[in-house]
Amino acid sequence: MEVGLKIRGIYATALTKFFLEHNLAIVQPSRTIKERFRSYKKIDSPQPIEVKIRDLEDRQGISLQGEPDKVKFVAELIRKQFF
């Protein structure tokens with residue numbers, strides 16, 4: 001599935017690497033993320049943002065917001081790898 005992700009927060013570097021390795025597009029990356037991953041073709045993708053990922057307020061996890069089917073897909077990728 002093709003998904004455009006916008007990632008922010010303390011987990012941005014790790015999550016960006018994880019999703020780029022799964023061939024997902026990163027939309028509107030921060031300057032730091034863009035520099036760190038400039039060799040990947042799906043960094044700074046022009047596609048629309050379909051899922052936003054950011055820290056929880058207590059920084060003890062992340063939240064996913066976006067289109068329900070895309071959020072479900074992204075959440076499943078995370079669950080398969082980390083849980």
Worksheet item: Tally time: how many residues in the stretch 55-72 are buried (at least 17 other Cβ atoms within 10 Å of the Cβ) and either outside any strand (DSSP E or B) or touching a residue at least 24 places away in the same chain (Cβ under 8 Å) (or both)?
Response: 3
Item to complete: Tell me, please, whether a residue that is crowded, with 16+ Cβ neighbours inside 10 Å, in contact with a Phe, Trp or Tyr (Cβ under 7 Å, 6 or more places away or on another chain), under 14 Å from LYS6 (Cβ atoms) and among the aliphatic types (A, V, I, L, M) can be found in the stretch 32-49.
Response: yes
Discussion item. Condition first: among the polar types (S, T, N, Q) and at pLDDT below 95. Now tell me which residues in the stretch 33-68 satisfy that.
Written reply: SER39, SER45, GLN47, GLN60
Worksheet item: Taking the stated definitions as given, is LEU20 buried (at least 17 other Cβ atoms within 10 Å of the Cβ), part of a strand (DSSP E or B) and in contact (Cβ under 8 Å) with a residue 12 or more places away in the chain?
Response: no
Item to complete: Filter the stretch 23-54 down to residues that are β-branched (Val, Ile, Thr) and in a strand (DSSP E or B), then give me how many there are.
Response: 4
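The values are calculated or read from the model by the stated rules, or taken from the named source; none is laboratory data. This one's a predicted model, so the numbers in the text were calculated from it and none came from an experiment. Here Cβ is always computed from backbone atoms with ideal geometry, including for glycine, and neighbour counts include all displayed protein chains.
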